[in-house]
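J.: What follows is a structure written as structure tokens; I'll ask about it next.
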Amino acid sequence: MTIAVGDKIPDVEIKTMGPEGPKSISTQEALGHGRVVLFAVPGAFTPGCSRFHLPGFVQGAEELSAKGVDRVACIAVNDAFVMDAWAQDQTVGDKILMLADGNAEFANAVGLVMDGSGFGLGQRSKRYAMVLDDGVVTRLDVDEKGGVDVSSCQNVLAHL
């Protein structure tokens, strides 16, 4: 079952990169407080994700903050090392919290999994953007047909 507006996000252990290496963090800790924009990508370093999706949120981070967003987070079914390398490659800095859902546990818990095995990717997250207020979904936009459209930073900004 797919998460919906009004649902609380599930509390799942994910990873982020810390000074000593990958560290575990719960989704409740990372996403459950304040107003959070969470966007998911099928994979770090993939063309649409690297050319449009992540850069759009990096460029729009200040505008999101001005509209009352406390944190912007990106999640993908990749490991923390890959997410950290991608953040460095994309000059993310501290604008976006990069989250690794290496085993797709969060993607499965929210019901937003896609089968990318036809492309050699295995189980991945669908591309989406979610607005959370204290861990409760207030908006969910899923790109069902490929591309970066309804889950773009500009679309999120238009609805805040």
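J.: Every residue in segment 132-160 that is β-branched (V, I, T) and modelled with pLDDT of 95 or more, please.
T.: Result: V136, V137, T138, V142, V156.
J.: Being in contact with an Asp or Glu (Cβ under 8 Å, 6 or more places away or on another chain) and of a type in the set (V, I, T) is the filter; apply it to segment 9-22 and report the residue that is surrounded by the most Cβ atoms within 10 Å (Cβ to Cβ).
T.: I14
J.: Still on this structure, I have one more. Among what's in segment 111-131 and is under 12 Å from the mean Cα position of the chain (by Cα) and hydrophobic (A, V, I, L, M, F, W, C), pick the residue that is nearest to K67 (Cα to Cα).
T.: Per the stated criteria, the residue is V131.
J.: If I ask for residues that are out of contact with any His (no Cβ under 7 Å at 6 or more places or on another chain), of a type in the set (V, I, T) and over 13 Å from V37 (Cα atoms), which ones from segment 141-160 would you list?
T.: V142, V150
J.: Select from segment 57-73 the residues that are assigned to a helix (DSSP H, G or I) and surrounded by 17 or more Cβ atoms within 10 Å (Cβ to Cβ) and write down the one among them that is nearest to the chain's Cα centre (by Cα). Reasoning before the result, please.
T.: Applying the first criterion (assigned to a helix (DSSP H, G or I)) to segment 57-73 yields 57-66.
Remaining after also requiring surrounded by 17 or more Cβ atoms within 10 Å (Cβ to Cβ): 57-58, 60-61, 64.
On the way: F57: 10, V58: 12, G60: 15, A61: 14, L64: 15 Å.
Among them, the one singled out is F57.
J.: Of everything in segment 29-42, what is on the phi < 0 side of the Ramachandran plot and either of a type in the set (S, T, Y) or in contact with a strand residue (DSSP E or B) (Cβ under 9 Å, 6 or more places away or on another chain) (or both)? Give them in sequence order.
T.: A30, L31, G32, H33, R35, V36, V37, L38, F39, A40, V41, P42
J.: Here is a further query. So G6 fits all but one of (1) surrounded by 20 or more Cβ atoms within 10 Å (Cβ to Cβ); (2) of a type in the set (G, A, S); (3) outside any helix (DSSP H, G or I); what number is the exception?
T.: Single failed check for G6: (1).
J.: Could you give me the residue pairs with C-beta distances under 6 Å whose first residue belongs to segment 97-123 and is farther than 11 Å from V41 by Cα and in contact (Cβ under 8 Å) with a residue 60 or more places away in the chain, whose second residue is surrounded by fewer than 16 Cβ atoms within 10 Å (Cβ to Cβ) and hydrophobic (A, V, I, L, M, F, W, C) wherever it lies, and which are 6+ apart or on separate chains?
T.: Filtered contacts from segment 97-123: G111/M1.
J.: Now for a different question. For segment 103-120, which positions are among the acidic types (D, E) and assigned to a helix (DSSP H, G or I)?
T.: Matches in segment 103-120: E105 only.
J.: Right, next: Could you grab me the full set of residues in segment 20-53 that are assigned to a helix (DSSP H, G or I) and under 21 Å from V110 (Cα atoms)?
T.: Answer for segment 20-53, where residues must be assigned to a helix (DSSP H, G or I) and under 21 Å from V110 (Cα atoms): T27, Q28, E29, A30, L31, C49, H53.
J.: Taking the residues in segment 77-95 that are assigned to a loop (DSSP other than H, G, I, E, B) and hydrophobic (A, V, I, L, M, F, W, C) as candidates, determine which candidate is farthest from T16 (Cα to Cα).
T.: V92
J.: Filter segment 105-131 down to the residues that are at pLDDT below 95, among the small types (G, A, S) and out of contact with any helix residue (DSSP H, G or I) (no Cβ under 8 Å at 6 or more places or on another chain) and list them by number.
T.: Selection gives G116, S117, G118, G120, G122.
The values are calculated or read from the model by the stated rules, or taken from the named source; none is laboratory data. Just so it is clear, the model here is predicted, and its values are computed rather than measured. Because the Cβ atoms are built from the backbone with ideal geometry, glycine has one as well, and the counts that use them run over all protein chains shown.
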